[in-house]
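Everything on this sheet refers to the single structure shown next.
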């Protein structure tokens, strides 16, 4: 059973590597537009020091899971480098999915921390999930968790920077059941 899950994850990542390496300028522009069109996310573009965009992150798991994606880092609207994200998790999980992610940097300190080479999100990291019909905030801190049915209801998720960063995720496809713990590691390569 363990061997089957490892083979499944390996095959998924092999296919995903080809998908993410094919991501072009259009993918970055389209992904930025998806996030910019969300009323919850739009305000972060106006006041963020910079951001990192990952058009395709693939995730698969069966007890043990992992995710991988490549992206670009921006400061002042200009690309400053390339980044990769690797995630690992363990717990009840089965399936696979693809999503986009954007990480906003509140100030120079947060940007410098992310671009220092190898950056990891700790247990207080949280993400706002952006979908066509609404937004939901998920995280490990518990106190800031909330959900919304979308802008038409007038109820909005609390969105704020945590340790100088705010993360948003947009689901692209797949099906995954998950109740697990894990972490994320980012690398950065200056252009």
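The values are calculated or read from the model by the stated rules, or taken from the named source; none is laboratory data. Because the structure is predicted, anything quoted here is derived from the model rather than measured. Here the Cβ positions follow ideal geometry from the backbone for every residue, glycine too, while neighbour counts run over all protein chains shown.
When residue 3 is tested against the conditions (1) assigned to a helix (DSSP H, G or I); (2) modelled with pLDDT under 90; (3) surrounded by 13 or more Cβ atoms within 10 Å (Cβ to Cβ), the lone failure is (3). Taken as a whole, the structure leaves residue 50 outside the set of residues that are more than 25 Å from residue 159 (Cα to Cα) and at pLDDT 90 or above.
Of all residues in the stretch 27-44, those satisfying the criterion of being touching a strand residue (DSSP E or B) at 6+ places or on another chain (Cβ under 8 Å), farther than 15 Å from residue 160 by Cβ and in a helix (DSSP H, G or I) are 27, 28, 30, 31, 32, 34, 35. Can you find a residue that is under 17 Å from the mean Cα position of the chain (by Cα), within 28 Å of residue 81 (Cα to Cα), assigned to a strand (DSSP E or B) and modelled with pLDDT of 85 or more anywhere in the stretch 147-164? Yes: one or more hits.
This table checks each residue for (1) free of Cβ contacts under 8 Å to residues at least 60 places away in the same chain; (2) surrounded by fewer than 21 Cβ atoms within 10 Å (Cβ to Cβ).
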| site | (1), (2) |
| --- | --- |
| 31 | no, no |
| 46 | yes, yes |
| 49 | no, yes |
| 81 | no, yes |
| 91 | no, yes |
| 99 | no, no |
| 112 | yes, yes |
